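The structure under discussion appears below in the form of structure tokens.
The values are calculated or read from the model by the stated rules, or taken from the named source; none is laboratory data. Computed from a predicted model, the values in this text were never measured in an experiment. So basically every Cβ, Gly included, is an ideal-geometry build from the backbone, and we count neighbours across all protein chains shown.
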Amino acid sequence: MIEWFIRNGVAANLLMVLILALGIQAVAMRIPLEVFPDIDLDVVTVGMTHRGATPVEVEEGIVTRMEEAISDLIGIDKLISTASEGSARLRIEVADGHDPRGVLDDVKNRIDAINTFPTDAERPVYGVVQRRREVISVVVSADLPETALRTLGERTRDDLLALPGVTQVDLTGVRDHEIAIEVSQHTLERFGIGFDDVVAAVRNASKDYPAGSLKTRRGEILLRTRGQAYTGEDFARIVLITRPDGTYLTLADIAEIKDGFQEDPLFTRFNGNRAVLLEVYRTGNQSAITLARDVRHYMENARKTLPPGVKMDYWRDRSRIIELRLNTLASSAIQGGILIFLLLTLFLRLSVAVWVCVGIPVSFMGALALLPELGVTLNIISLFGFILVLGIVVDDAIVTGENIHSHMKRGEDPILAAIGGTREVAVPVTFGVLTTMAAFVPLLFVEGRRGAIFGQIPMVVIPVLIFSLIESKLILPSHLSHTRMGMGKPAGRFTTVQRRIADGLERGIRRFYRPLLARALDHRLLTLALFIGVSFFLSSFVLSGRYGFTFLPRVQSEVARASLVMPTGTPVEITGRHVSHILAVADRLREKYRDPASGESVIRNSLFQVGWSSSLGFMESAGGGGSHKGQVILELVPPEERALTVTTSELVREWRQGIGRIPGARELTFRAEIGRAGDPVDIQLVGDDFADLTAAAEEVKERLAEYPGVFDIRDSFDTGREEIKLRLRPEAELLGLSVSDLGNQVRQAFFGAEAQRIQRGRDDVRVMVRYPLAERRSEENLARMRIRTPDGVEVPFSAVADVTVGDGFSTIRRVDRHRAVNVTADINKEEININQITHDLGPFLADLGRRWPGVRYTLEGELREQRESFGSLMTGIALVLFVIYALLAIPFRSYAQPIIVMGVIPFSLVGALLGHMIMGMNLSIMSVWGLLALIGVVVNDSLVLVDYINRRRREGVETMAAVVMAGAARFRPILLTSLTTFAGLMPLIFDKSTQAQFLIPMAVSLGFGILYATLLTLFLAPVGYLLLEDARGGFRWGAPSERVIENRTS
């Protein structure tokens, strides 16, 4: 096939054009743009609402029953339950190899069969977690009443959804609608009615009744009785009591009817103005950049029609982040490509360099054509995969092109030189590419959420290498067969410079490298010992723990967040005052870090939130919301665009110091980093006794406080607000009262009775009947309450119920059917090593079970992900080493020679460590993934070198001479492949932008590792070859190398 394509240039060109066209079509029409890849989370959720219930009631009445019903289902890996005030939530992590939809069906069937849930509980809601990617947030702000502001937000949402490319928009920062019918205790007593009477009147009067149809001559006419109330005015006209004299009593006569919002507090302010937010999401193959551009264009037009005093802005435009990151990485790729081309033109003929570089876009476009079929999008991770393979992709083309070039220099016919040169290196080049592909495969099987994200790197690298192999074997030789050496023609200026450089390299090989190699071969044991000694010395820094390892380095974000949690039940006014203080400090920083020249501050926008909203990520992650929670979010100028030299970390540190200590705060945490997997320290304590769990958690917190650099130490246990427990007196039973009667009447008065749920437009509106707010503020209101007996007699509350006061829980968290408390903390990753802390904590944590029987612990958060990632990596590395050995043994037809090639692997890891030392960065999980890639790349040059030695020995050349000849003959392609790999990565390695920081460690491992491997290939591989021959007893020690040098120079 190689010869056929070389002799048929039309076929080679058509193949190249086809690959390019398919890639361009995929980029233009089939591949969406996004920041991070969409990853399906194998998680099933179950939610159930029991409004007004305490967490203990939710746990006993809902959560425990659900857990027991599904505990024996196959496919459940982990079950996490949360019982909060008024709601229950189950998070079911699906085991590997099981379909989440199938598990969802099984869970639904089991839970739907439960018939012992509380009567007031709503139906359970099921779902499979799907990650939605926000593109841009539209903010409508004005000093308007809540109703008017929400109406503007709803109108804006409808306008956005009307745009051609917009399909998902969420309105956030607003409360749900509610119609409250508030009746005082005095009014109920005066008219001799109860809440049940009011509820019954609403349900009977506010309803539409279908009545069938009339069968007339003109046709069938539908009949319907209309009476459904939709507004507060409609409900006010409902008749409650009619008298014999014709007079009647309406709801408006006895109650205050409020057509407004739920009582749960929620305040949102954007840059100081009251605001609502609209989150626009990307779905399917939509481009985030195009979507955001359409939204911004709509905003430009919409601003012209807004009422006076209303502002419309956008907040956290993720498409700009995409553009910045893609531009940064694309710039690195272009710079790397230019460096590769310059290197090739310096050491190879210009035409050869051009056609070798043509293989880069051909291979990239071929891979891009396959990405949609593999489910890969264009994002920061996949683009990094292209940069990572940029220097590697030309390796096979360099070896092939250089070999063809060498044949042409010997005066061979170009077509025959192309055929012979390609076939000569076809086997080692092909197997070299296969070993590189094999090295990336384990990244596909790294466990954890981060493993799924970075699994897209091999999904890019492997297709690129496949097409590079096709290009270097079928297209490149055809193009090179048309080149002419130009013997006898006058050389141009560039050609003269290029020849001088190439000739200088040849002279350097003859004068320096060959004698040095011969000396190293003569003293091969000493050479090997020298490499081993240097490697052990440098490795000892890591093995002894003196060189830092940070699993996930902290990368600065363009968003800074301060989250405040006060004790449960804290009035919203107090929480709001503290959050306002946090915002005031941020405003002072905004003015402090304002560029005098441009007037732009490092802090672009601020968002202030207090209260509860199911759509706010912070509130949801914190286990619901409430008046005791608030946050301030700052949108910052990207670091590479800042006129002032202040980092995000420095800004957050100054913000924290300016805020100081907030009296009574349970938690005040700050977040300003990208890619946070969880808390660096997260110790989960599991048991059934909350007293033991609380005591054990306190001990863990005290121990963590002893470590310098550990801060924000907290636990998930919250005793919650004060709780009043009611118990029915024995004498109440004589009046016919039951616990149900007492509980329902108290619930109706203070929480409310849900009379109806109506659909008003898009909103699901509850109609609640209860006491006015003034009669729900103190224990005295409860004491003055009247309880109605079954025969209609009202008796004092204190006569039928006993009251005890205690503390309740605000949230109860359970893991695998046991109560759990998590102790979490943050650390200064630049100063301390979390693994050393974990090792030191080991005996202390192991002793917890003895001091607190029944309490068990696990390491969660970042430590859990580290454990999962390294567990799967160890298996992957073992498999890769075996596959590489097999791929080397097959072309060598030897069991021993692969060991020579693979012998450079452990030594090359030292080069990666040196790279981290030079760059002044700790090792990380990304560094380890870079080492994994290095394993496959580093053997390629040694493979080609050993293959050359074997070919020369088959031609009758003695071993020592063959080894020296191979080193000299393969010096240029080995040097070029190493330099081009490093050159492709160099712009990224030295990139200072935020977008590149968490990718740099992987590039450092591969780039510096491959540079060091050049030295290994040129010296250690030949030494290893001769040592293997020594072990076989193939020849004598001594002076053959001297004869080789004499023959070479004569």
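Summary of computed values
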item: Residue among PRO708, PRO796 that alone is touching a strand residue (DSSP E or B) at 6+ places or on another chain (Cβ under 8 Å) and loosely packed, with under 14 Cβ neighbours inside 10 Å; result: PRO796
item: So ASP105, is it free of Cβ contacts under 8 Å to residues at least 12 places away in the same chain, more than 26 Å from the chain's Cα centre (by Cα), farther than 28 Å from ARG757 by Cβ and surrounded by fewer than 21 Cβ atoms within 10 Å (Cβ to Cβ); result: no
item: Residue list for region 282-314, restricted to those being touching a Pro at 6+ places or on another chain (Cβ under 8 Å) and polar (S, T, N, Q); result: ASN285, GLN286, SER287
item: Subset of region 799-817 (residues that are assigned to a strand (DSSP E or B) and crowded, with 17+ Cβ neighbours inside 10 Å); result: ALA801, THR811, ILE812, ARG813, ARG814, VAL815
item: Number of the condition not met by ALA691 [criteria: (1) within 23 Å of VAL815 (Cα to Cα); (2) within 29 Å of the chain's Cα centre (by Cα); (3) modelled with pLDDT under 85]; result: (2)
item: Hey, VAL135 closer than 30 Å to GLU300 by Cα and touching a helix residue (DSSP H, G or I) at 6+ places or on another chain (Cβ under 6 Å) or not; result: yes
item: Cβ-Cβ under 8 Å pairs, at least 6 apart or on other chains, region 901-925 side outside any helix (DSSP H, G or I), far side surrounded by fewer than 17 Cβ atoms within 10 Å (Cβ to Cβ) and of a type outside the set (Phe, Trp, Tyr); result: LEU923/VAL542
item: Residue, surrounded by the most Cβ atoms within 10 Å (Cβ to Cβ), within region 139-185, restricted to residues that are within 27 Å of the chain's Cα centre (by Cα) and in a strand (DSSP E or B); result: VAL139
item: Test for GLY420: is it in a helix (DSSP H, G or I), under 21 Å from ARG951 (Cα atoms), more than 46 Å from the chain's Cα centre (by Cα) and not acidic (Asp, Glu); result: yes
item: Qualifying residue in region 279-290 (condition: part of a helix (DSSP H, G or I) and touching a Gly at 6+ places or on another chain (Cβ under 9 Å)); result: yes
item: Qualifying residue in region 218-234 (condition: closer than 30 Å to ASP253 by Cβ, touching a Lys or Arg at 6+ places or on another chain (Cβ under 7 Å), outside any helix (DSSP H, G or I) and of a type in the set (Ser, Thr, Tyr)); result: yes
item: One residue from ARG224, ARG237, ARG190 being over 30 Å from GLU34 (Cα atoms), surrounded by fewer than 20 Cβ atoms within 10 Å (Cβ to Cβ) and in contact with a Pro (Cβ under 7 Å, 6 or more places away or on another chain); result: ARG224
item: Region 673-713: number of residues that are without any contact (Cβ under 8 Å) to a residue 60 or more places away in the chain and within 27 Å of VAL652 (Cα to Cα); result: 3
item: Criterion: assigned to a helix (DSSP H, G or I), outside the structural domain of PHE440 (by TED's automatic domain parsing), of a type outside the set (Val, Ile, Thr) and surrounded by fewer than 17 Cβ atoms within 10 Å (Cβ to Cβ) - qualifying residue of GLY854, GLY849, GLY871; result: GLY849
item: Identity of the residue in region 423-467, under 30 Å from the mean Cα position of the chain (by Cα) and aromatic (Phe, Trp, Tyr), that ends up farthest from LEU480 (Cα to Cα); result: PHE445
item: Unmet requirement for THR575, which otherwise passes all of (1) assigned to a helix (DSSP H, G or I); (2) hydroxyl-bearing (Ser, Thr, Tyr); (3) at pLDDT below 90; result: (3)
item: Single residue of region 694-727 satisfying the filter (under 26 Å from ALA53 (Cα atoms) and of a type in the set (A, V, I, L, M, F, W, C)) that is modelled with the lowest pLDDT; result: PHE717
item: Strands (runs of 3 or more DSSP E) contained entirely in region 26-138, each with at least 1 residues that are more than 19 Å from ARG814 (Cβ to Cβ); result: 125-128
item: Tally of residues being modelled with pLDDT of 90 or more and either of a type outside the set (A, V, I, L, M, F, W, C) or crowded, with 21+ Cβ neighbours inside 10 Å (or both) across region 14-49; result: 10
item: Condition met for GLU402 (more than 22 Å from GLN286 (Cα to Cα) and not in a helix (DSSP H, G or I)); result: no
item: Residue tally, condition under 15 Å from VAL686 (Cβ atoms) and modelled with pLDDT of 85 or more, over region 855-882; result: 6
item: Tabulated pairs, region 239-264, first within 17 Å of ALA200 (Cα to Cα) and in contact (Cβ under 8 Å) with a residue 24 or more places away in the chain, second basic (Lys, Arg) and part of a loop (DSSP other than H, G, I, E, B), C-beta under 9 angstrom, 6+ apart or interchain; result: LEU249/ARG243; LEU251/ARG237
item: Check on LEU914, surrounded by 20 or more Cβ atoms within 10 Å (Cβ to Cβ) and at pLDDT 85 or above; result: no
item: Residue satisfying condition, being among the aliphatic types (A, V, I, L, M), out of contact with any strand residue (DSSP E or B) (no Cβ under 8 Å at 6 or more places or on another chain) and surrounded by fewer than 19 Cβ atoms within 10 Å (Cβ to Cβ), within set ALA200, ALA205, ALA211; result: ALA200
item: Considering residues of region 304-319 that are in a strand (DSSP E or B) and among the charged types (D, E, K, R) only, the residue farthest from PRO37 (Cα to Cα); result: LYS311
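The rows are residues; the columns are (1) modelled with pLDDT of 80 or more; (2) over 23 Å from the mean Cα position of the chain (by Cα); (3) among the small types (Gly, Ala, Ser).
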position	(1), (2), (3)
ASP253	yes, yes, no
PHE261	yes, yes, no
LEU291	yes, no, no
TYR298	yes, yes, no
ALA302	yes, yes, yes
PRO308	yes, yes, no
ARG316	yes, no, no
THR328	no, no, no
ALA333	no, yes, yes
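Residues are listed down the side, and each one gets a yes or a no for (1) among the hydrophobic types (A, V, I, L, M, F, W, C); (2) in the same structural domain as ILE387 (by TED's automatic domain parsing); (3) modelled with pLDDT of 75 or more; (4) closer than 21 Å to ARG510 by Cβ:
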site	(1), (2), (3), (4)
PHE990	yes, yes, yes, no
PHE1008	yes, yes, yes, no
THR1014	no, yes, yes, yes
PHE1019	yes, yes, yes, yes
ALA1031	yes, yes, yes, no
PHE1035	yes, yes, no, no
